[in-house]
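First up is the structure itself, then whatever we jot down about it.
Please treat every number below as a calculation from the coordinates, not as lab data. Because the structure is predicted, anything quoted here is derived from the model rather than measured. Cβ atoms come from the backbone with ideal geometry, glycine included; neighbour counts cover every protein chain shown.
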Amino acid sequence: MSETPDPTPGPFPPSEAFTAQAVGQASLCEDAGADRLAFWAKQARERLTWSKDFDEVLDWSDAPVAKWFVGGELNVAYNCADRHVEAGNGERVAIHFVGEPGDEQAITYADLTERVQRAAGALRAAGVEAGDRVAIYLPMIPEAVISMLACARIGAVHSVVFGGFSADALRTRIADGEAKVVITADGGYRRGKPSALKPDVDEAVSGETSVQRVLVVKRTGEDVTMGDKDMWWDEALEAAEPVVEVESFDAEHPLFILYTSGTTGKPKGIFHTSGGYLTQAAYTNAVVHDVHPDTDVYWCTADVGWITGHSYITYGPLANGATQVMYEGTPDTPHQGRWWEIIADKKVSIFYTAPTAIRTCMKWGEEIPQEYDLSSIRVLGSVGEPINPEAWMWFRDVIGAGEAPIVDTWWQTETGAIMMSPLPGVTALVPGSAQAPVPGITADVVDEEGRSVPNGESGYLVIRDPWPSMLRGIWGDRQRYEDTYWSRFPDMYFAGDGAKRDEDGNIWVLGRVDDVMNVSGHRLSTSEIESALVSHDTVAEAAVVGAADETTGQAVCAFVILREESRENYAEDAAREELVQELRTHVGRQIGPIAKPRQVLVVDELPKTRSGKIMRRLLKDVAEGREAGDATTLADPSVMAQIQAGLKK
Ligand code: WTA
C-alpha cells in the first residue's frame, strides 16, 4: 500500500477539444443521478440489439442474486459480430492480429461473423448444447475470441483458463464446471519460441473426466499426440454446418464462468450472465475508453484468460463495433520496443494496460518508446492494481505526449466491468486515484460498522446497489457467494479492497485487505500457494505473504518448515538452496509459473497466535526487510527473533 506522495501532481482537467468530442459527457452523471434504473435501461436499449425487449429493469427479490433486464432476450454473439455487418460495417477490421513471430491477420467483422458461425457449428457437431460448459485453453490468438463468441452464439457457457496455468489447475477448473469440450492449441509463441499447450490438456483430461472432445488449433505446427477425443480445429470447422441462425436467449442466460483466487485454497468459479454483463461492458468501454468505432484503433494488452480480456477485448469493444489490436506475445520479444512499434504501425489511439507493465517499461528507459511515432495515442488506461503517481506521470508524459488523459479503472472479475474510473472528457484527473464510481454505480468507503467515512479517512470499499454486470454467484455454491461478498456488511457488496477518500472526495484504492495477493495485476491466493507447498514431500507447514515489490506491486514470499525427517538432508546451504529452487518449480507446476514464489525461506518455526493462526503481518515485515512489529500476542514471542536470526546466518 503506497502512501500518497506530497504534493501530488495535478489535477489535470480535460482539454476543451477532448471534451467536445468525448463519448461520455457530464450529462451521464445527471441522468444516472436522476433515475438509476431508467439510466441503465437506456444504456441496454441503446447499446445492444434485443430480439425481445425487457419488461423490468431489475428484480432484486432473490438478493443477493440479481436479475437484470427481466424478460429480455438477445444473442450476445450476434451483438458482437453479425449486427455490425448488417449495419454496413462488414469490411471494418474487428481484429488486427499480430503474432509474436510477426505474422499478421486483419479480421473484418464479416470474417469474424463467418468464423464464429462455423466454430459454433463445430461445437454443435461435438455435442454441445445450450447451457453446456466449454473450457477454452488457448494462447492469445484470434481463435480465443472466436471460440468465446461461438459458445455465446449457441448458448454454451465458456470457461476460459489462462494458458499460463498448469495441467493441474486446468483439470480442477474443467472438473468444477464439468466441461464437455476443451478448445486448445498445439501451442503458442512465447519469448521467441513455441510453447506447448496440448500436453497439459492431455494430462488434464486423462483418467476420469467430463470431457468428450478436444478441439486443437494448429498454431505452432509442433508435434502433438492426437488421441481418440482430439480433433483439429480447422477440420472440425470445415466439416461443420455453420450456425447462421441467431437464437435468442434470456437476458439471464449464463454466459461464462471465470475462476479467480479467493481467500481459501479452492479457486472460485465467478459466474456471469448475458444482458446485464454485455450492457455494462459495452457502456464502460464506450464512455471510459472513449471509443469512436469508426475512427479509433483500440488496444488492450490483457490476456483473454483474465476478466480484462473478456470484457475489454472480446465483449465490450466488439459489441461496440470497434477496431482493435490483439497481440500474442510479450512486450520484449524480439526487442523492448515491440509494443511501441505495434502502436506506431497500427496507429493505436486508445491503449489500455497494467501498472506493472508501465513500471517495467520505465525501467527499460524512455529512450525506447521515444524511437517510435506514438502521436496516434489519445487515451491511456490502467487496470489491475493501484498505479503509483510516478508511473502515472511517466505514462502520460512519455507515451501520451504529456496530454493524453489516463483512465485508472478499478473493477474485479466479480464486478464484470469497470466500476470506478474518471471519465476522460469530464473529470479533472488525479494521478494514482480511480477517483469516483462511473455514472450508474454507487461505490462507497465505509468503516468497520458500514458507515461512510468522511473525506480524509480510510476504510473498506463497498458497492451499495446492484449493477448490471455483477456476478450472479459462484458456480455451484450460493452459500459461498453470500458469505464471501455479502456477509461482512449488511446489504452491501464487500469488494475485499481497502480504500481512502481524500480531502476532495476522490477514492484511492489501497489494495486487498484479505489473504489475496496482487502480483503484476494477477490475483493469487496465499492459501492456494501454501497448499501447493505442503503437497511437497519435504514440507510440513507453509505460510505465504505478498511483499511489496517495486515492479510487480507485490511478490510472493514463502516461509516453510520442513518435515522432521527432511531436516537433516537439507542442513547444508547448498542442499537447502537446491530444495528452495525445487519448491519454486513445484509451485509453478501445481498452479502455474505466475505463482512461483520470488523467495522461499526455510525456517524452524512460524509465528502463531495462541489460537494457532499464523500472523502473516509479522512475516510481511520480515519479507519487506523491516524489523518485525508487535509480537506480543504470539504463543511464543521469541519466534520472530529466531526467524530473523536464522535468516541472517
Ligand atoms: C485490484 C482485474 C487499484 C483490486 C480487473 C481488485 C485495482 C483486484 C485496480 C481485482 C485499480 C484492479 N486500482 N486496484 N485501478 N484494478 N485492482 O479480479 O485489488 O483480476 O480487488 O480484476 O485487482 O482483480 P481481478
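Data overview
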| quantity | calculated |
| --- | --- |
| Total residues in region 514-526, condition more than 9 Å from the ligand (Cβ to nearest atom), closer than 29 Å to A63 by Cα and out of contact with any Lys or Arg (no Cβ under 8 Å at 6 or more places or on another chain) | 3 |
| Flag if T551 is surrounded by fewer than 19 Cβ atoms within 10 Å (Cβ to Cβ), within 27 Å of G511 (Cα to Cα) and touching a helix residue (DSSP H, G or I) at 6+ places or on another chain (Cβ under 7 Å) | yes |
| Number of positions in region 63-112 that are in a strand (DSSP E or B), among the aliphatic types (A, V, I, L, M) and free of Cβ contacts under 8 Å to residues at least 40 places away in the same chain | 2 |
| Complete set of residues in region 528-547 that are surrounded by 19 or more Cβ atoms within 10 Å (Cβ to Cβ) and out of contact with any helix residue (DSSP H, G or I) (no Cβ under 8 Å at 6 or more places or on another chain) | E530 |
| Residue that is farthest from P439 (Cα to Cα) [pool: residues in region 260-301 that are in contact with a Ser or Thr (Cβ under 7 Å, 6 or more places away or on another chain), in a loop (DSSP other than H, G, I, E, B) and of a type in the set (S, T, N, Q)] | T264 |
| Residue in region 301-324 that is touching a residue at least 12 places away in the same chain (Cβ under 8 Å), in contact with a Pro (Cβ under 8 Å, 6 or more places away or on another chain) and more than 24 Å from E143 (Cα to Cα) present | no |
| Entirely in region 321-388, the strands (runs of 3 or more DSSP E) that have 1 or more residues that are within 16 Å of the ligand (Cβ to nearest atom) | 350-353, 379-383 |
| Qualifying position, being more than 16 Å from the ligand (Cβ to nearest atom) and under 23 Å from S159 (Cα atoms), among G505, G476 | G476 |
| Strands (runs of 3 or more DSSP E) within region 180-240 that include 3 or more residues in contact (Cβ under 8 Å) with a residue 40 or more places away in the chain | 181-185, 187-190, 213-217 |
| Those residues of region 604-630 which are more than 21 Å from A548 (Cα to Cα) and not charged (D, E, K, R), in sequence order | T609, S611, G612 |
